[in-house]
1. Any idea which of Gly303, Gly329, Pro249 is furthest toward the positive side of the dipole for segment 240-345, if Lys and Arg beta-carbons carry +1 and Asp and Glu beta-carbons -1?
2. Strictly over 31 Å apart at the Cα level, which of Lys22/Lys288; Lys22/Lys294; Lys36/Lys288; Lys273/Lys324; Lys22/Lys273 would you flag in this model?
3. At 7 Å along Cα-to-Cβ for each site, give me the label-to-label distance between Leu32 and Ala45 in nm.
4. Simple spin-label model, 7 Å along Cα-to-Cβ: Asp333 to Met282 in nm?
5. Give, in nm to one decimal, the length gained when the segment between Tyr206 and Ser139 is fully stretched (0.36 nm per residue of separation minus the Cα-Cα distance).
6. Among Thr307, Thr318, Thr147, what is the fewest-to-most ranking by other Cβ atoms within 10 Å?
7. Give me Ile175, Ile145 ranked fewest to most by other Cβ atoms within 10 Å of their Cβ, as a rough exposure proxy.
8. Of Ile311, Ile188, how do they rank once you tally other Cβ atoms within 10 Å and put the fewest first?
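None of the figures in this text is laboratory data; all of them are computed from the coordinates on show. Predicted model only: the values in this text are computed from it and were never measured. Methodologically, a virtual Cβ is constructed for each residue, glycine included, from the backbone with ideal geometry; neighbour enumeration extends over all protein chains shown.
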Amino acid sequence: MDDDDDIPDLVDTSESIIDDRKVPLTIITGFLGSGKSTLLQNIAAQGSRRIAVILNEFGDSIDVEKSLAVQDGDQTYEEWLELGNGCLCCSVKDTGVAAIESLMEKKGKFDYILLETTGLADPCPIASMFWLDDALSSSIYLDGIVTVVDSGNILTQLKEDETAELQVSVADRIIVNKTDCASNLHEIQSSLSSINSVAPQFPSQYGKIDVSAILDLQAYSDVPELPDQLSKESDPHRHFSTTMITFSPLLAFDDSDLSFAALRLFLDAVSWKLAPFADSKMQIHRLKGLLVAKDGSQKAIQGVRETYDIIEPVTPSTSITGCKIVLIGKFLDVELLNSAFSTIMSL
C-alpha cells in the first residue's frame, strides 16, 4: 500500500491555547507517493501540540467532502468540510475561505493546522489564499511550505513532470524522504539545490523528523533565511533555478529615499511582468528578501507569484550587513534581472 493512502487523523494533545492566538498553518506538499501522510502521522505521534489535519485528495465525485479530525484526550472531534472539486487548490477561493472560517470556530481544540495537498497540486494558489486573505487574517497565518520528496523516484519525477520541480521551487523546507531507497543521496540533494538553493534539506526515513525543523518557521512573516552565497549546484536540464541580487544598505524605508522607491518599481516589474520583463519567459514563483537601512532598521520581502509584500520582521537579523533579494522560478534570465535591477535602481 502506498504510504500516502494512510490517513493521519488522530493527534495527541498537551496544553490548551489562548483563544485569541493566531493559528499557524503549514502546507505539506510533494509528488505522488513521497510519504506526506506518513510524515503527518509522525508529527502527530510526537504529541507536542494539538494539530488539525486537512486532507486534499481526489475522489469519485465532483463535490468531495474532506474530514477534519482532532483528538483531545479520549475524545475525537470531527467535522466535514466541503471544499469542492475534490481539491482545495482547484476550488473557488471563497469556498476555501468559508471552510477554514468554519474550522476556526473550533480553534480551541487545536493550535496548529497541517494541510496536505494532492500529489499533483500546485501549492502557490493555496499559499496565496492563506497568506493574504483578509477574511482569515484575524485567526490564521501561513507558517511555511514543506515539500516531501521520494529519494527513490525524485530524479525521474523531476525529469518527467514539471509539477515536481515546482513543488521543490516554492519549498521553505525539503524533506528528502526514503533515503534508505537511494544510493545516490548526494546527487539527489545537488539536483534539489539546483532548483531551490535556499530551502534547507532534511534526509529522512519513513517520514521521521524533529517537528522543530519544519514547524513554527514564520517563513512568510519574518526575516527569511538567506545565505551569503547561493549554492553553485546547477543542472542545465532544469527549468527551475534560484538567483540572488545583493546591494548596499538603503538610506530609509520610505519614498523620500529614491532607492527604496526604485526598488519597489523593480519588484513590481519582476512580479507583474512589466517592462523590461513583459516579453520574457521568466516565471517568478517565490520571492524572498532582506533589506537594511543606514540606521540599522530592517524590512523583509516575501512574495508568491505575482504578489509580494514588504513587512516588518518579527525577529530582526543580528548579522545583516547589506540587502539581498532571492528569486526562485522558471526560465530565470539572470543577465536580464541584473541589468534591469541596475537600470531601475539608477533612475
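1. So the residue furthest toward the plus end is Gly329.
2. With Cα atoms farther than 31 Å apart: Lys22/Lys294; Lys22/Lys273.
3. 2.7
4. Label-label distance for Asp333 and Met282, simple model: 0.8 nm.
5. Working: separation 67, 0.36 × 67 = 24.12 nm, distance 3.26 nm.
The Tyr206-Ser139 span can extend by a further 20.9 nm.
6. Values: Thr307 15, Thr318 6, Thr147 29.
Arranged by neighbour count, lowest to highest, Thr307, Thr318, Thr147 become Thr318, Thr307, Thr147.
7. Details: Ile175 25, Ile145 28.
Result, fewest neighbours first: Ile175, Ile145.
8. Ascending Cβ contact count within 10 Å gives the list Ile311, Ile188.
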